[in-house]
Amino acid sequence: MKNNTKKLVYISMLVTQAMILSYIESLLPAIPIQGAKLGLANIATVLALSTLNFKSCLLIVIARTLLTGLLFGNMASIIYSMTGGVLSLLAMYLIIKLLRNELSLVSVSIVGAIFHNLGQLGIAILILSNPKLAILLPYLFIIAIPTGLFVGLVSNYLLKYLSKNNFNYKNNR
Amino acid sequence: MKKKDLILMAIVLIIAVIGLLFSHIYSSGAAELKVVITIDGEVFREIPLTEDTNEEIRVEQNGDINIVIIDSGAVRIVEATCPDQICVYTTPADENGEMIVCLPNKVIVEVTRND
């Protein structure tokens, strides 16, 4: 019981953290490439993947995209960020599952960034019915390297701090 | 950071460069250019893009407005009613294949060859 409450608080905190990070990011100057952004909210997803089971991670991603969209965006932005978020979560989950010992969180977040872009661009191509949008992909791949590096390093640092305080709900749920 | 992280970054970079090469081949070759503005997949206007084109276009649907300006051989969006303003921050487009997208308003401003 006590553990469940702790876990619930931890999940809510990750959702809140992701929302605040999205907001802070919207205040920063935009990168002058279509669809490119820092992806600070991904820090929360990477942290969640490292400390929680998959179901809780999915819950966090859906909750944060829905809430951020309702507060700062519109219906369209919810569709875009949710597709990107869920796809990137799946990709990062698989990478962690299959290659955790080979790759660090830096690679995990780079892969996450790339699949986030793939998801968003895919849905944009569908909604705007313009396959030429795919021309933006190479630029987004390149941008994913520095942004993924940043997000991965920050998550690594935070994770070290969390594991010192025994924040790990993967096995005791 | 591990050694294999660097390998992954290199692979990503190589894929990106190959993609860039392809898009460059696709867009190379001097030809007359035009600006195509579409709203939600439907063509709203086509304007030839030359050094002397000088036009301000008001793209309006359902109360959403994007102001598009064409001058000195390039096209840009100077004003938009969308919440994120990404289209306004995007650098002007002046080459074949380049585009400026406003996702919230479903507006695409695209530079293509005139053939």
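General remarks:
- When A:79, A:31, A:60, A:43 are screened for being under 15 Å from residue A:120 (Cα atoms) and either modelled with pLDDT under 90 or crowded, with 17+ Cβ neighbours inside 10 Å (or both), only A:79 passes.
- Residue in region A:122-132 that is within 13 Å of another protein chain (Cβ to nearest Cβ) and not in a helix (DSSP H, G or I) present: yes
- Considering only residues in region B:1-18 that are charged (D, E, K, R) and in a helix (DSSP H, G or I), the one that is nearest to the chain's Cα centre (by Cα) turns out to be B:5.
- When the residues of region B:35-59 are filtered to those that are in contact (Cβ under 8 Å) with a residue 60 or more places away in the chain and more than 18 Å from residue A:127 (Cβ to Cβ), the one that is nearest to the other protein chains (Cβ to nearest Cβ) is B:35.
- Among the candidates B:66, B:114, residue that is more than 7 Å from chain A (Cβ to nearest Cβ) and farther than 29 Å from residue A:24 by Cα: B:114
- Unmet requirement for residue A:142, which otherwise passes all of (1) part of a helix (DSSP H, G or I); (2) under 20 Å from residue A:158 (Cα atoms): (2)
- Taking (1) touching a residue at least 24 places away in the same chain (Cβ under 8 Å); (2) part of a loop (DSSP other than H, G, I, E, B); (3) not polar (S, T, N, Q) in turn, residue B:68 satisfies each apart from (2).
- Number of the exception - residue B:26 against (1) in contact with a Gly (Cβ under 9 Å, 6 or more places away or on another chain); (2) away from every other protein chain (no Cβ under 13 Å): (2)
The values are calculated or read from the model by the stated rules, or taken from the named source; none is laboratory data. For clarity, every value in this text was computed on a predicted model and none was experimentally measured. So basically every Cβ, Gly included, is an ideal-geometry build from the backbone, and we count neighbours across all protein chains shown.
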